[in-house]
Structure formats: structure tokens, C-alpha cells
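I have placed the structure first, in the form of C-alpha cells, so that the comments after it can refer back to it.
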Amino acid sequence: MIPNGCQWNEAEIESGHPLNAGLLTLMVIGHDLVPVLIGTAFLISAEGYKGAAISAAHCFEHVENILRPDKVHHATTPREFLPPPKEVDLKQVKAIYISDGKVHVCPIEIAIWDSSTDLAVLTVLAPTDEPKLFRKFFWIDDQVPNVGDVVVMIGIGEMKVNSGMDNPQIGTMERRLVVRVGYVEEIFEEATYLLKSASVQTSIAVYSGMSGGLVAKYAPPDNIKPFAFISHAPEPQPLLDRSISGHSVGSILNAKLTQIEKDKQRVEIKVNDVMVGKTDPEPSGPE
């Protein structure tokens, strides 16, 4: 729980914790072939060879900044003055998934996102030699807590890629599963100046790589059900000072839920102002 005098607290999570089975790290391989870690996603369905996940739209907007650094327009240009959006090629975007201590680099089949609500929904494919890779996912909660309730934010923090001096295309990846608990400070039932959707402000301080991670009511690790995803927080964040609020904001999932089987759920989420990205299948060789 949260000690007296603290605004938030952090759980100690050992390496290989089962929570990893529902989380993905989003990575972009730039034109220089150096990977960049951009955020977190969490699975809401798992069918072995394919999983569906939730993340933050600004993670995918960052993809364009990495792959198209020489845009002819400024990042602050209003959307109505921009040319019609084009489908984004996600061939260089991957999802890192860790299972049983093994790291898997998975292609993203398709993603759709809405910058106004910061919501992104994506499907990720297992490597061809791991057809039963995705087995765990998070059940969604369609009930929002009250002000003062304890909530948890879970995402991948302290992301870093250490490239080799001789070959920048070879290196090591650092990341840490971060589980932090805090209080609900405020609930916004309507749009704010940053989000055109309902949102919740918490006292939790978050790392930038946690964007797209889940927000849930505080519960034991085997009963964590997200009702929102991590969207944004003011800078700088009090990442180590637990006596100061982080004021981080989660975008509430306006989801319609249907349990279709004992181990399956149907999640219907309305997405407006859609941007689309996908990975085209590799062309097959001559027969």
C-alpha cells in the first residue's frame, strides 16, 4: 500500500514476473537501423499466434517523427492545414514480448489510433516458430474508481538501447517493469485541453516509456483489470520522491465488454479521427 506521507509507492517486481506476459514494448528501427524504444502496450486478447493490444496514440505519432524526421510542416501545425493523412507503414515498428525468459521480436499487423483521445489499438503477430506465444491478457474493467481510491499504473520504464561502438546495429536493450500505486486525484468526465475524452488524474509519477501502459484499480497481481491507459504527465516528474504527486493522467477506455467464453472477452471501443498503420506481408517467392 501507500505509506503515510507518500503520494505514491512502487512495488518490487522480480525478473520474470507473470505481469510481463501481458505487456509489450514498442520499438522502432530507424533508417540507420538503430532501434528506438517508444512505449508500452498491454494485451486485451491472446489467440496464440495473434494478440490485440491497447497503447497510446502518441507512441505511434512518434514513429513518424523517427521515420520521417524531415517533415515539411511543423509539429504544431493545425490538422486542418495539413494534407490528407496517409497510411503509415509499420514494417520498421516491432513489439518486444518476453515469455519464459526468452525475448521475441514480433511484427505489428495493423494499428489504428486517435490523437484526440490518445487511444491506439493494435494487433501483433507471433513469430512463425512460436504459434502459441500469446496466452495471457488483461481483462478490461468498465467501472471507473472514485476520487481518493487507490489505483495502479503499470508500464515499461527506464528504457534504453546501448549500441556497440564498432557496430551501432548491435547492442543491448534495457527496460524495467514498473508497478506504481497512488491515489485518484481528479476525474474529468468530459474533454480537457489535452484529451477529447474522459480521463483520470492520479498522484503517480511515471517514466516516459510507460506511455500506453495500463491503469487499474488496486488489486492483487492476478486480478488487475485496466479501465484506462497511461497517457501523459507534466514534466519534470518526481520519479524518485514519493512525497510529491506526479499528477499523471490516464485516458479512460470507453469500452463495451462481452465475455464470449471463459477465457475470452470481446472489447468494443469507439475510435474517432482514425490514423491507420500496417505491415504489408512479405511477397512470396515464385512457386
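The values are calculated or read from the model by the stated rules, or taken from the named source; none is laboratory data. Every value quoted in this text rests on a predicted model; they were computed, and no experiment measured them. Note that each Cβ is placed from the backbone with ideal geometry, even for glycine, and that neighbours are counted across all protein chains shown. Side chains are part of the model used for accessible areas, which takes the heavy atoms of the whole protein and leaves out ligands, DNA and RNA. Shrake-Rupley method; radii C 1.70, N 1.55, O 1.52, S 1.80 Å.
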Within the stretch 68-89, is there a residue that is within 19 Å of the chain's Cα centre (by Cα), buried (at least 17 other Cβ atoms within 10 Å of the Cβ) and at pLDDT 85 or above? no
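If you take the residues of the stretch 24-41 that are among the hydrophobic types (A, V, I, L, M, F, W, C) and farther than 10 Å from Ala95 by Cβ, which of them is least open to solvent (accessible area, probe 1.4 Å)?
Val28
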So which residues in the stretch 183-204 are in contact with an Asp or Glu (Cβ under 7 Å, 6 or more places away or on another chain) and farther than 19 Å from Ser245 by Cα? Leu195, Ala198
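Can you tell me which residues in the stretch 150-164 are in contact (Cβ under 8 Å) with a residue 12 or more places away in the chain and either of a type in the set (D, E, K, R) or in a loop (DSSP other than H, G, I, E, B) (or both)? Step through it out loud before you land on a result.
First, pick out the residues of the stretch 150-164 that are in contact (Cβ under 8 Å) with a residue 12 or more places away in the chain: 150-163.
The answer is Glu158, Lys160.
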Pairs needed: first member in the stretch 241-258, without any contact (Cβ under 8 Å) to a residue 24 or more places away in the chain; second member anywhere, open to solvent by 10 Å² or more (accessible area, probe 1.4 Å); C-beta distance under 8 Å; at least 6 residues apart or different chains. Thr258/Gln265; Thr258/Arg266; Thr258/Glu268
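Within 25 Å of Leu43 (Cβ to Cβ) and buried (at least 18 other Cβ atoms within 10 Å of the Cβ): is that true of Leu257 in this structure?
Values: within 25 Å of Leu43 (Cβ to Cβ): yes; buried (at least 18 other Cβ atoms within 10 Å of the Cβ): no.
Judged against the criteria, Leu257 is not a match.
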Return the residues of the stretch 199-243 that are in contact with a strand residue (DSSP E or B) (Cβ under 7 Å, 6 or more places away or on another chain), modelled with pLDDT under 95 and either open to solvent by 20 Å² or more (accessible area, probe 1.4 Å) or among the aromatic types (Phe, Trp, Tyr) (or both); say none if nothing qualifies. Tyr207, Lys217, Tyr218, Lys225
Which condition breaks for Thr192 when tested against (1) open to solvent by 80 Å² or more (accessible area, probe 1.4 Å); (2) under 27 Å from Ala111 (Cβ atoms); (3) over 19 Å from the mean Cα position of the chain (by Cα)? (1)
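Among what's in the stretch 3-46 and is among the β-branched types (Val, Ile, Thr) and farther than 18 Å from Met210 by Cβ, pick the residue that is modelled with the lowest pLDDT.
Of everything passing the filter in the stretch 3-46, Val34 is modelled with the lowest pLDDT.
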Take the residues in the stretch 120-149 that are open to solvent by 10 Å² or more (accessible area, probe 1.4 Å) and outside any loop (DSSP other than H, G, I, E, B); name whichever of them is farthest from Phe188 (Cα to Cα). Leu125
